[in-house]
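Structure first, then comments.
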Amino acid sequence: MYPESLFAVRAEGMNVWMEGDDQPYLDLVMGYSSVNFGHCHPVIIAAVHEAACALDQIHAFHTAPQLELSELLVRALATQGDYKVYFDVGGSNAVAAAVRLCRTFTRRETVVAFEGGFHGTGHPAASLSDDRLLDKKQYGEQLSPNVIKVPFPDYLVDGSLRAALMSLETVLVNKAAAAVVVEPIQGAAGFIVPPREFMQELQCLARRHGTLVIIDEIQSGIGRCGHFFAYQRSNIESPDVVVVSKSLAGGYYPLSAVIAKNELFSTVPSIGTAFQSTFNNNPFGTTIALRTLEFALREHLFDKAKDHGAELLRELRSLLCPALTRLRGVGLALAFDISDSGRPAPEWAKLFVACALEERVLVYRSGVYRNVIKIAPPLTLDGNDVETIITRLRAVITRFKKVCIA
Ligand SMILES: Cc1ncc(COP(=O)(O)O)c(C=O)c1O
């Protein structure tokens, strides 16, 4: 994605320094949303020290941070229901655990996922991911045949909500599905935003058919979209299963969590349970996560992300040119497409990333056509940070327009 000569040696806030170079790069990728609170934040570094000095891996016992973190995550759902939390390592594993939970509970096999969705590269998360985002040939025969894909709605495309819900209904009528897996805002597809009512209608539809909904918040959650969980843009009561990871432990440990209704966990056998791995419930990860989330809530960082995101979106609108289209954003998950006469232009997007590097700005191409540029600054923006980002992006776009026209 970037020249091999670049070696990252230090990072702080939204700056990254490369070897042999005094001038930092402005990071608008933030570890694909795994560093939502900025690089090497002092509060998180203190949590890392605290965690490292207290306990290493203790598997068979509860620890206070683990229980407090579970409580915090369940409170964040803001619902009356009873929930339990399972801590794993990495997003893919958490998605796999969520799917196992739904299959065990419903005694059904089929799982429905969305076109443009990305849920990881492990098994069965890979089966649920869009073929355009993951080269499935690498998996041989291993991918699950019990996955059905339906279209995902996009608030910028008229009629896409009805079409998506109708496709989903057709599938659920014809097949008893264990679960529908959904990103409330699609991440790898390029921050594709569905109409607000989508999540609620999806939940109603699934409930009518006895199908559980797994909400994959691995990229959209932990404040990225201006809420603790992005699904909270919609009015959803008692979600069945919510999965988080990435920024959960501030970027220092790949902690993931499956937050699910008690009744789902109660069907899991205690002997030979599939809900165990050497590093699950890791005290290092859960301690860092607890302190990180306490800090984010104390500082109202999720609300601030909403305000800063709205400001950035407004300013970005004035920078657009005909090749930069479909600007969208929720919280600090912003993106635009790069198109040529209305068609995706992946080569131009490549050029855009190169122009950004020239201006010492880190962005990357994503989307099913590799023509989307995502802007994902840290939630810890303050003072003149929005102005700095806009000034730097203006320089990138000016350079891009010159190269593109030439
Ligand atoms: C929405 C979503 N789900 C799952 C994953 C997989 O997480 P991991 O890479 O930690 O396995 C990702 C990774 O980008 C993601 O964006």
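The values are calculated or read from the model by the stated rules, or taken from the named source; none is laboratory data. Treat the numbers as computed from the prediction; the structure is a model and nothing was measured. In this analysis, Cβ positions are derived from the backbone assuming ideal geometry, glycine residues included, and neighbour counts consider all displayed protein chains.
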Are any of the residues in the stretch 130-140 free of Cβ contacts under 8 Å to residues at least 60 places away in the same chain, within 16 Å of the ligand (Cβ to nearest atom) and under 27 Å from Cys204 (Cβ atoms)? no
Flagged in the stretch 53-100 as within 16 Å of the ligand (Cβ to nearest atom), more than 18 Å from the chain's Cα centre (by Cα) and assigned to a strand (DSSP E or B), in numbering order, are Tyr86
Can you find a residue in the stretch 229-240 that is surrounded by 21 or more Cβ atoms within 10 Å (Cβ to Cβ), among the acidic types (Asp, Glu) and within 12 Å of the ligand (Cβ to nearest atom)? no
Report, ordered by the first and then the second residue, all pairs with beta carbons closer than 6 Å, sequence separation of six or more or different chains, a first member in the stretch 235-258 that is touching a residue at least 12 places away in the same chain (Cβ under 8 Å) and in a loop (DSSP other than H, G, I, E, B), and a second member that is among the aliphatic types (A, V, I, L, M) and within 12 Å of the ligand (Cβ to nearest atom). Pro239/Ile215; Ser245/Ala94; Ser245/Ile218; Pro254/Val89
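Here's the yes/no breakdown for (1) in contact with an Asp or Glu (Cβ under 9 Å, 6 or more places away or on another chain); (2) in a helix (DSSP H, G or I); (3) surrounded by fewer than 17 Cβ atoms within 10 Å (Cβ to Cβ):
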{"residue": "Thr292", "(1), (2), (3)": "no, yes, no"}
{"residue": "Phe295", "(1), (2), (3)": "no, yes, no"}
{"residue": "His308", "(1), (2), (3)": "yes, yes, no"}
{"residue": "Arg314", "(1), (2), (3)": "no, yes, yes"}
{"residue": "Cys321", "(1), (2), (3)": "no, no, yes"}
{"residue": "Ala356", "(1), (2), (3)": "no, yes, no"}
Select from the stretch 34-52 the residues that are surrounded by 22 or more Cβ atoms within 10 Å (Cβ to Cβ) and within 16 Å of the ligand (Cβ to nearest atom) and list them in ascending order. Val35, Asn36
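Out of the residues in the stretch 215-247 meeting the condition of being of a type in the set (A, V, I, L, M, F, W, C) and closer than 18 Å to Leu205 by Cα, tell me which one is modelled with the lowest pLDDT.
Among them, the one singled out is Ile236.
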Within the stretch 323-354, restricting to residues that are out of contact with any strand residue (DSSP E or B) (no Cβ under 8 Å at 6 or more places or on another chain) and more than 23 Å from Asp154 (Cα to Cα), the one that is surrounded by the most Cβ atoms within 10 Å (Cβ to Cβ) is Leu351
Given the condition more than 12 Å from the ligand (Cβ to nearest atom), in contact with a strand residue (DSSP E or B) (Cβ under 6 Å, 6 or more places away or on another chain) and not β-branched (Val, Ile, Thr), answer yes or no: does some residue in the stretch 204-222 qualify? yes
Quick check: anything in the stretch 239-254 of a type in the set (Ser, Thr, Tyr) and under 17 Å from Ala376 (Cβ atoms)? yes
Restricting the search to the stretch 245-270, which residues are aromatic (Phe, Trp, Tyr) and within 16 Å of the ligand (Cβ to nearest atom)? Tyr252, Tyr253
